[in-house]
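Undergrad: Dumping the structure here so I can ask a few things about it.
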Amino acid sequence: MYPKKELAQLVISACHKFGIDTVVISPGSRNAPLIIGFANHPEIETLSVVDERCAAFFALGIAQQKQKPVAVLCTSGSALLNYYPAIAEAFYSNIPLIVLSTDRPKHLIDIGDGQTIRQENVFENHILFSANLIESNHFKIKNAQLIGEALQIAVSLKGPVHVNIPFDEPLYETIDKLKTFHFPFISMTSLDNSQIDYDYFSKIWNAAEKKMILVGVNYPDEKLHELMDFYAEDESVLILTETTSNLHHEKAVNSIDQLIFSLNNEEFEDLRPEILITFGGMIVSKKIKSFLRKYQPNHHWNIDEKSATNTFFCLSKFIQIKPVNFFLNFNQFITNKSTNYQPKWLKIRDEKRNKHTQFLATLSHSDFKVFEQVLERIPENSHLQISNSAIIRYTQLFTISKTLNVFCNRGTSGIDGSTSTAIGAAFASKKQTVFITGDLSFFYDSNALWNKNIPSNFRIIVINNSGGGIFKIIPGPISTNVLDYFETPHCLTAEYLSKMFEFDYLKAFSSENVEEAFTFFYENSGKPKILEIFTPSTENTTILNQYFKFIQ
């Protein structure tokens, strides 16, 4: 059973042609022709998620893990606008998301007809391509060109595209099989190794005594990991990684704020690199951004196959290629240099680590102590999903197991959709997925739990400090007389949400409770589980300030 509408058949055939095998559908009527077609296609998996905002982030989580496009499909009207947060995240995180919106025909827009808005080009500031199709026999070839270009761009450039599809009534007529269509391919070229002047870069590199490699959000890549090992053995190179970089090395600095928080001007000047190489996505640490903007390197080279990121306002060269391909070739042109740059800063790193351990040994129940307990107990070889705000910042202060793959929505760094993304990732991954979130982020995206596709081994850890602890950490809000409007204090608990959505639920109020909960938390019970850990809101900020003072 397939839709009788030829435009719907065109869209379904295009998705199949370009390898889109997963479509997340939110219910509606205007999208009926596509629902019928996708749901009956033997090679396309369809998943139903009611809330469009959750559906889009759920699809984003699947695409994040599969590293291939996933489509979302909605009805007309405001349903489409709920996709926007996930589209912006996909845009900045380079995740291929295919947005399929159904629409009323143009003659029904702005005349007072129900569920109509101006849908064409509605995402123009955060989309790689918008294809506005027309339901008419006169536009068959043009429609095929537009949707073909949209899907090829999503696949090739790794980002979101929007296809708006107007349908007139009737919507539910069906036929027995799909027609075949031709979709022209457009030529897409990218920079290759032959266009990169490795001699130029290597001469500058080999002459410098202080080189820094800073890695942001990065999908796990074993080959890239091996290539970074080469640079870690060079005493003139200091590698700084973040939790979301998925790169580990005993000679890398993995807790950046821990290292640089208390440095003075003379020490910052000593740390200033002559050459800075950056690759990967967004950087979490505000400290490193502030440092490199003030103490700028002589050369900043950003490596990315898509677009340049001038985070530190001193970008000198954009190298448009996959980082792994650049380093694979660059390694053949460079030599190691014996300096004190890396040994000195690794010694300071180790001193900070020792103080970190000493501080935790004396710590009472708090956000900081909970992170130590939580991160130590995550099963090896798991996927770790982390929400934004204070959660990702606390995680950055710890050394986590090298066996974990870490993910976080750092494209826009918003709290919306973190749970939905984690559930999508858990659905797509065969590995155990653990999601650590704060209370505000969790409650904000609570509709994420309204999803029948959640695997039973999915685990959520909610650190509930009664409302937006980040606003007591960052400077500014606490100095005002309106902190409640920043922090959002509350007395909510996840217990009743757990019952409603059929999750197993555990709770903890002390360090001892946390350890007891972990005895059962990762055991198989046939249901996903939530562990809610309550921490003292008023003490967390004081403890964090004491920590940074202690490790000076």
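Undergrad: Of the DSSP beta bridges with both residues in the chain, give the percent that are antiparallel, rounding to the nearest 5.
TA: Close to 5 percent.
Undergrad: Can you work out the Karplus-derived ³J(HN,Hα) for every residue in the range 152-169? Use 6.51 cos²θ - 1.76 cosθ + 1.60 with θ = phi - 60°, whole Hz, and x for glycine or proline.
TA: Values per residue, Gly and Pro as x: 5, 5, 4, 5, 7, 9, 6, x, x, 10, 10, 10, 9, 10, x, 10, 8, 7 Hz.
Undergrad: Give me the percent relative contact order of the range 196-347, please, defined on Cα pairs under 8 angstrom at least 6 residues apart.
TA: 30 percent
Undergrad: If you don't mind, another one. Suppose every Lys and Arg Cβ carries +1 and every Asp and Glu Cβ carries -1, with no other charges. What dipole size does the range 2-175 come out with about its Cα centre, to the nearest 20 debye?
TA: In debye, rounded to 20, the range 2-175 gives about 320.
Undergrad: Using DSSP to define loop residues, name the GluC sites (Glu not before Pro) in the range 104-203 whose beta-carbon has at most 13 other beta-carbon atoms within 10 Å.
TA: When the GluC sites (Glu not before Pro) of the range 104-203 are filtered for loop state and at most 13 Cβ neighbours within 10 Å, Glu173 remain.
Undergrad: What is the range 2-175 by shape, rounded, prolate or oblate, if you read a ≥ b ≥ c off the alpha carbon gyration tensor as root eigenvalues and call it rounded for a/c under 1.5, prolate for a/b larger than b/c, and oblate otherwise?
TA: In terms of gyration-tensor shape, rounded.
Undergrad: Hey, could you grab the Kirkwood Rh for the range 363-550? Inverse mean 1/r over distinct alpha carbon pairs, Å, one decimal.
TA: 16.7 Å
Undergrad: At a 10 Å Cβ-Cβ cut-off, how would you order Ser364, Ser511, Ser245, fewest neighbours first?
TA: The fewest-first ordering by Cβ neighbours comes to Ser364, Ser511, Ser245.
Undergrad: With each run of n ≥ 4 DSSP H residues scored as -39500 (n - 2.57), what mean residue ellipticity at 222 nm is computed for the chain after dividing by its residue count and rounding to the nearest 500 deg cm²/dmol?
TA: After summing the helix terms and dividing by the residues of the chain, the value is -11000 deg cm²/dmol.
Undergrad: Please identify the GluC sites (Glu not before Pro) of the range 13-57 that satisfy two criteria: DSSP loop assignment and at most 16 other Cβ atoms within 10 Å. Which are they?
TA: Those that pass, being in a loop and sparsely packed, are Glu43.
Undergrad: Another question, if that's okay. Please grab the % of Cα pairs in the range 288-376 that end up more than 23 Å from each other.
TA: Roughly 56 percent, once rounded to a whole number.
Undergrad: Let me ask something else. Could you pull out every one of the aspartates and glutamates with an alpha carbon less than 15 Å from that of Lys4, ignoring same-chain neighbours closer than 8 positions?
TA: Glu135, Asp168, Glu169, Glu173, Asp176
Undergrad: Next up: Tell me, what ³J(HN,Hα) does each residue in the range 491-496 have, in order and in whole Hz, if you take phi through Karplus 6.51 cos²θ - 1.76 cosθ + 1.60 with θ = phi - 60° and put x for Gly and Pro?
TA: These are the phi-based 3J(HN,Hα) values: 10, 6, 9, 7, 4, 6 Hz.
Undergrad: Holding the Cα-Cα limit at 25 Å, pick out from Lys68/Lys317; Lys223/Lys251; Lys210/Lys347 the pairs that are longer than that.
TA: Lys68/Lys317
Undergrad: Going by how many other Cβ atoms sit within 10 Å of their own, how do Trp450, Trp205 line up, fewest first?
TA: Trp450, Trp205
Undergrad: Whole angstrom only: what separates the Cα centroid of the range 369-419 from the Cα centroid of the range 68-114?
TA: Each part reduced to its Cα centre gives a spacing of 30 Å.
Undergrad: Related question: May I ask you to compute the full-extension gain from Glu266 to Thr174, defined as 0.36 nm times their residue separation minus their alpha-carbon distance, rounded to one decimal in nm?
TA: Difference between extended and current length: 25.7 nm.
Undergrad: Considering Cα pairs under 8 angstrom that are at least six residues apart, work out the relative contact order of the range 2-175 and quote it in whole percent.
TA: Normalised by residue count, the contact order of the range 2-175 is 26 percent.
Undergrad: Once phi is turned into ³J(HN,Hα) by the Karplus curve 6.51 cos²θ - 1.76 cosθ + 1.60 with θ = phi - 60°, what whole-Hz value does each residue of the range 385-399 show in order, with x for glycine and proline?
TA: 9, 10, 7, 8, 6, 5, 4, 5, 5, 5, 4, 4, 8, 10, 8
Undergrad: Quick one: which of 458-464, 19-25 comes out on top by average Cβ neighbours within 10 Å, and what's the full order, highest first?
TA: Highest mean packing first, the order is 458-464, 19-25.
Undergrad: Hey, what did the chain get for relative contact order, percent, Cα under 8 Å, at least 6 apart?
TA: Relative contact order for the chain comes out at 13 percent.
Undergrad: Cut-off under 15 Å on the C-alpha distance; same-chain residues fewer than 8 positions from Lys431 excluded. Which aspartates and glutamates are left, in chain and number order?
TA: Counting by Cα, and skipping residues close in sequence, Lys431 has these aspartates and glutamates nearby: Glu380, Glu523.
Undergrad: Further question on the same structure: Hand me the GluC sites (Glu not before Pro) from the range 494-552 located in a DSSP loop with no more than 13 other Cβ atoms within 10 Å, in residue order please.
TA: Passing both the DSSP loop test and the Cβ count: Glu502, Glu523.
Undergrad: Provide the FRET efficiency to the nearest 0.05 for the Asn513-Glu124 pair, computing r from the beta carbons and using R0 = 60 Å.
TA: Plugging the Cβ-Cβ distance into 1/(1 + (r/R0)^6) gives 0.75.
Every number in this text was worked out from the coordinates using simple rules, so none of it is lab data. Computed from a predicted structure; not experimentally measured. Every residue, glycine among them, receives a Cβ derived from its backbone with ideal geometry; neighbour counts consider all protein chains shown.
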